[in-house]
């Protein structure tokens, strides 16, 4: 049967269960968009392709369903590269459906003609280019399988525009086969290593669990293991919610120098670390200032991460859920006695942290911890929060409390500014049943805030909190400590109210702590009707996050002594001289 290239590609997307495609149409993929118009795939027109890749990223993180990015050749790809790289380093599966020049004319100097495969290869899990119409369907299906299997990531498929232009005589499967990896494709732990690991865990008096987003689909097993072992649980930033953060054994996102004292003390008393579905990356470890109690058992689906930054006594390549189920089967179902002293130390530690965070509520600006606690009280514990590179991420990491995974969406290892707003749109489209709140710094908002126009046009009811201090706050704090001088870290001022009017979205303000809850409730009411809301928050960054304090301290201590003296001396001299 003859089909256009666009129809073949769309059939592959539908059979893969891809429901969202973000992008901007161009001359090279007109036929694709024509086929999409009759499809179950929802197309979303963005204002910039960078946002398209962030939206696809947010859609997967919130729902576990992969999304597609539709790109024209050349500039479409280079604009989207930031979001593709974010997905690559944060291990987010994504189908980047690029378009290529015509390859049937042999003409040189075509419009948009650059080597896209070479450009995207360093930040893609794999790249594909079908050469014939008969290869289109299978290439898309194979690319999606690669994106999802093992350690997930973005894949790039370049479809030459001539394959879209013409019809092809192809036979497609009459019944869609199941998308995603099957049970037989999921890596399971080596039995001998598993038995060794179980023996070490059973002998430990107080094991520490360190759990990442790789265990997001095994949250119940994580909780069961923690309760069986009476083990404190720390998570990575992306792993927030893999165990309920109200659970009496939940410790903190991280346990090194960037964590409160009570967390460091509890972790230091542990005599084994079981790390599951995590990589010990620079950001999550607070610049590697985190020493896992030994012996270390490291479990991850990606063999390349095992023992990479911290030597593992036992390294197991396995899907987190498969490992946890097998381990629980060996350890049995007889839990250890409840450690009331441990649980009380954790409870009182969290209480003390909250008391310190909230001691200055009622000042001239909005206290971050009060704002975020109010937001979760208003929007509920199931609400999804997206953040931007900088203070918003670290405040969210520390102050937000989640009872399930896929609720905290942050740009971590690539740490790209401009993530929060478009990721919130993608998350809301993928999970329309959940409230979605974006925490955007006023500098990062300038990069992708125009996507509120997309939200308004598409009826996407997200709440965007612009944390307004008129500085690049995280960098300004680093500059204060390292150099006692702020350089180019003050954000050019702008009228956010006028911006909201231009985008056609309601505008609210929170100028003091006592305004937070009532204003957020008004934002919730508007968003529930499918209206995006922009809220300007006069934020108080006077108190640094534990993360910022820890990173500054650990980074300084790792420098050679003479450079420590130089940095400290310069900073002190500038403070004295003004």
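Numbers at a glance
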read-out: Enclosed volume per residue, in Å³, of the convex hull spanned by Cα atoms of the stretch 190-345; value: 93
read-out: Among beta bridges that DSSP assigns inside the chain, antiparallel share in %, nearest 5; value: 5
read-out: Residue order, fewest to most surrounding Cβ atoms within 10 angstrom, among 357, 252; value: 357, 252
read-out: Fraction of antiparallel bridges per DSSP, the stretch 2-177 only, in percent to nearest 5; value: 15
read-out: Length-normalised contact order of the stretch 25-124 in % [C-alpha pairs under 8 Å, at least 6 apart]; value: 29
read-out: Peptides 24-37, 287-300 ordered by average Cβ neighbours within 10 Å, highest first; value: 287-300, 24-37
read-out: Relative contact order for the stretch 190-345, counting Cα pairs under 8 Å that sit 6 or more residues apart, in percent; value: 27
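Every number here is computed from the coordinates shown, using simple stated rules; none is lab data. Everything numeric here is computed off the predicted structure, so don't read it as measured data. Note that we place each Cβ from the backbone using ideal geometry, even for glycine, and neighbour counts take in every protein chain shown.
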